[in-house]
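Colleague: First the structure, which I've put down as C-alpha cells, then a few questions once you've had a look.
The values are calculated or read from the model by the stated rules, or taken from the named source; none is laboratory data. None of these values were measured; they are calculated from a predicted model. Positions of Cβ are backbone-derived with ideal geometry, glycine not excepted, and every protein chain shown enters the neighbour counts. Side chains included, ligands, DNA and RNA excluded: accessible areas come from the protein's heavy atoms. Shrake-Rupley method; radii C 1.70, N 1.55, O 1.52, S 1.80 Å.
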Amino acid sequence: MQRPIPWLWILLAGLLLLAPGPAGRLLLDLLGGITLTVLLLPVLLGVGGLVAWKVLQSRLKPCPACGFVSAGSAQCPSCGAVLGQEQGPASSNEDVDASSATIDVSSVEVEVMDQSDGN
C-alpha cells in the first residue's frame, strides 16, 4: 500500500519558512547551522588531521644505527641502539673551542683588466 504525500506537513513547513515569526526564524537558524556544520566539518577534520600528523612526525626519531623510525622510546625497538644521541661534536655536551668551529674567510682583491683596446 502506497503512503499518501503529507501535504499538511509540507504546507506547515513552507509557512514556517516564509513566515517572519519566531518559529520560522528558529527553523531557518537550525537549518543554517546544520548546513554550515556539514560543509565545514570536512575542512575542520582535515586541518585537525594535518596538525596531528605534524605533531606525530616531530616526535618520530630515526635510529642512527639501523634507520628504524620510532616514537617516545630511549632505545631502538629493532636493534637496541640508544636513541636521542646524534653523532658528531655538535650534539655532545663537550665544550667546543669557537676558533676551531669558525671558518675564517679572507678577502682577496681582484685586478680588473681594462678591455677598452677595441678587440
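Colleague: Restricting the first residue to region 1-12 and requiring it to be within 17 Å of Leu27 (Cβ to Cβ), which pairs with a second residue that is aromatic (Phe, Trp, Tyr) and surrounded by fewer than 10 Cβ atoms within 10 Å (Cβ to Cβ) meet a Cβ separation below 9 Å and a spacing of at least six or different chains?
Modeller: Correct list of pairs: empty, since none qualify.
Okay, residues lined up against (1) open to solvent by 90 Å² or more (accessible area, probe 1.4 Å); (2) modelled with pLDDT under 85; (3) touching a strand residue (DSSP E or B) at 6+ places or on another chain (Cβ under 8 Å):
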{"site": "Leu16", "(1), (2), (3)": "no, yes, no"}
{"site": "Gly24", "(1), (2), (3)": "no, yes, no"}
{"site": "Leu39", "(1), (2), (3)": "yes, no, no"}
{"site": "Cys76", "(1), (2), (3)": "no, no, yes"}
{"site": "Asp104", "(1), (2), (3)": "yes, yes, no"}
{"site": "Glu109", "(1), (2), (3)": "yes, no, no"}
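Colleague: Please work out if Ser92 is of a type in the set (S, T, N, Q), over 30 Å from Ile10 (Cα atoms), at pLDDT below 75 and open to solvent by less than 90 Å² (accessible area, probe 1.4 Å).
Modeller: Spelling it out, Ser92 is indeed of a type in the set (S, T, N, Q), over 30 Å from Ile10 (Cα atoms), at pLDDT below 75 and open to solvent by less than 90 Å² (accessible area, probe 1.4 Å).
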